[in-house]
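A.B. asks: Below are the C-alpha cells for one structure; questions will follow.
The values are calculated or read from the model by the stated rules, or taken from the named source; none is laboratory data. Just so we're clear, the structure is a prediction, and the values are computed from it rather than from any experiment. Note: ideal-geometry Cβ built from the backbone for every residue, glycine included; neighbour counts use all protein chains shown.
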Amino acid sequence: MFDWVQNSSDWLVYDVFNLSKGQHLTEALNFFIYDTAKILILLFIVIFFMGIVNSYFPIDKVKNYLSRHKLYGLEYLVASLFGVVTPFCSCSSVPLFIGFVRGGIPLGVTFSFLITSPLVNEVAIGLFVGLFGIKTTLIYVISGVLLGTISGVILQKLKLESFLTPWVKEILATAQKDQDAFIAEKQTLKQRLPIIWNEVLKILKGIIPYVLVGISIGGLMHGYIPEGFFEKYMDKDNLFAVPIATILAVPMYSNASGILPVVQVLVAKGIPLGTAIAFMMGVVGLSLPEAMLLKKVMSLKLIAIFFGLVTLCIIISGYLFNILL
Amino acid sequence: MTKIIKILGTGCPKCQAMIGVVKDVVTENNIDATIEKVEDIMEIMKYNVMITPALVIDDVIAIKGRVPSKDEVLGLLN
C-alpha cells in the first residue's frame, strides 16, 4: 500500500538530492522522509474517520446511553469501546467523571471509560498502524479495550465510593438516571464534515512537531544503532524488563506522537514487542498531570489504587505479549 | 444589550485557544460583550458540561469540546 511512498522517497533522496546509497546519513534521511509521509497519511485517515464516528456519538449521548440501558455486565465493555471513539484530553477528565457520576453510572463503568479513552485514541492508532502495521495495532487496541474493561470490573468490586471527595459523594447521592434529555443534533454528514475537517487539521497541526522530532530521533537511531543491539540487555527472559519499562513510563507525559517513533526503532533493534507495548501503554494511558487533576474528585488513596491497578494490568499484558508474540 | 460570554475550561491549551478566538471576534467587530473565564470546576459543572472548553453565551451553551472558528463565533454572537 505504501510502496509509492517508498518509491517517492527513494527518488527524492537518490535522484533529486543525488546522495549515494548505503551511507548512514542517506539511509537515515530516506527513512525520515518515508516514515514521515507514511505516518502523516495514516494519522490523517484515522483521525478523520474517528472524527466522523465521534460526531455521531458525542459524549452526552454516550453518557445517556450508559445511564439508561441495562447491559447485564456488558456495560464495562461498552464504556471501554466508547472510550476508544471519544477523543480524550486530560483536562476534561474531571468534568467527564462528574457527568458520569451524576448520570448514575457506576464508578467501575466510569473507570473503564477513563482508562480506555486516553489509552486507545485516534493519534495512537494512526501512529501504530504506520509504525508497527495492522496486526500489532489490532493487538494493541483489543488489549487496551480489555484492560479498561477488566480494570473497571475490579475497581467496581472494590467498592471505592467512600474514597471520593465529599462534594462528589453529594453528587453521587443525588444521581439520577434520567435527568436531562439530550437533544441530538440532526445534521447531515455534509453539514458535519466542515467541523470535523477543521478538527482534523487542528489535531494534526498540534502533533506534527512531536511526530517530526520523534521520527528524527528514530531516524538517527535507525541509522546508527546496530541491529539486535538491545537484545543483549533486554531479551524476553529478563523478567524485570516489563515492570521497569512500565514504571518508567507512567510519569512520562509525552504526547504519544513523540515517543512512538522512537519505540518503533527500539523494537527494530531488538527490544521485545511486549516490553515496548507495556512502555507505550504506560506513557499514553497514565500521566501525572491527569492524576493531579483527578485530586479534585478522588482521594489520593483512590488515585493510587486506580493507577496501581492499571499499571499492574499493563505489566501483565506486557508479559502476555512477550509470551504470545 | 451587553452579551455575557463565559468560557468554561480548566486551562488546557484548547481553552486558551477558545479564549483567544472569542476575544478577537469581540474586539474586531466591536461587539458589546463581557468575557468571563470560568476555571472553577464546581462552577463548570453547574452547566452540565462534560467536555471542555465550552462557550456559554447568555447562559446558553453554544459550543462544547472544540475550538470554533472566528466566523462561527461571530455567527453565534449575532
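A.B. asks: Sort out which residues of the range A:257-297 are in a loop (DSSP other than H, G, I, E, B) and among the polar types (S, T, N, Q), and write them in order of number.
C.D. replies: Taking the range A:257-297 as the starting set, the residues that turn out to be in a loop (DSSP other than H, G, I, E, B) are A:269-272, A:286-287, A:295-297.
Selection gives A:S287 alone.
A.B. asks: Test A:F111 against the stated conditions and say whether it is at negative phi, in contact with a Phe, Trp or Tyr (Cβ under 8 Å, 6 or more places away or on another chain), at pLDDT 85 or above and within 11 Å of chain B (Cβ to nearest Cβ).
C.D. replies: Working: at negative phi: yes; in contact with a Phe, Trp or Tyr (Cβ under 8 Å, 6 or more places away or on another chain): yes; at pLDDT 85 or above: yes; within 11 Å of chain B (Cβ to nearest Cβ): no.
It is false that A:F111 is at negative phi, in contact with a Phe, Trp or Tyr (Cβ under 8 Å, 6 or more places away or on another chain), at pLDDT 85 or above and within 11 Å of chain B (Cβ to nearest Cβ).
A.B. asks: Related question: Which ranges mark the strands (runs of 3 or more DSSP E) fully within the range B:31-78 that have 3 or more residues being surrounded by fewer than 18 Cβ atoms within 10 Å (Cβ to Cβ) and within 13 Å of chain A (Cβ to nearest Cβ)?
C.D. replies: Numbers: elements: B:33-38, B:54-57, B:60-64.
Where strands (runs of 3 or more DSSP E) fall fully within the range B:31-78 and carry at least 3 residues being surrounded by fewer than 18 Cβ atoms within 10 Å (Cβ to Cβ) and within 13 Å of chain A (Cβ to nearest Cβ), they are B:60-64.
A.B. asks: Turning to a different aspect of this structure: State whether one or more residues within the range A:181-192 are modelled with pLDDT of 80 or more and surrounded by fewer than 18 Cβ atoms within 10 Å (Cβ to Cβ). Spell out how you get there, then give the answer.
C.D. replies: Initial filter on the range A:181-192 (modelled with pLDDT of 80 or more): A:192.
Next cut, surrounded by fewer than 18 Cβ atoms within 10 Å (Cβ to Cβ) only: A:192.
Yes - at least one qualifying residue is present in the range A:181-192.
A.B. asks: How about the range B:44-78: which of its residues are among the polar types (S, T, N, Q), touching a residue at least 24 places away in the same chain (Cβ under 8 Å) and under 24 Å from A:K296 (Cα atoms)?
C.D. replies: Within the range B:44-78, just B:T52 meets the criteria.
A.B. asks: Then there is this: For the range A:82-125, what are the residues that are free of Cβ contacts under 8 Å to residues at least 12 places away in the same chain and part of a loop (DSSP other than H, G, I, E, B)?
C.D. replies: First, pick out the residues of the range A:82-125 that are free of Cβ contacts under 8 Å to residues at least 12 places away in the same chain: A:89, A:92, A:95.
Result: A:C89, single match.
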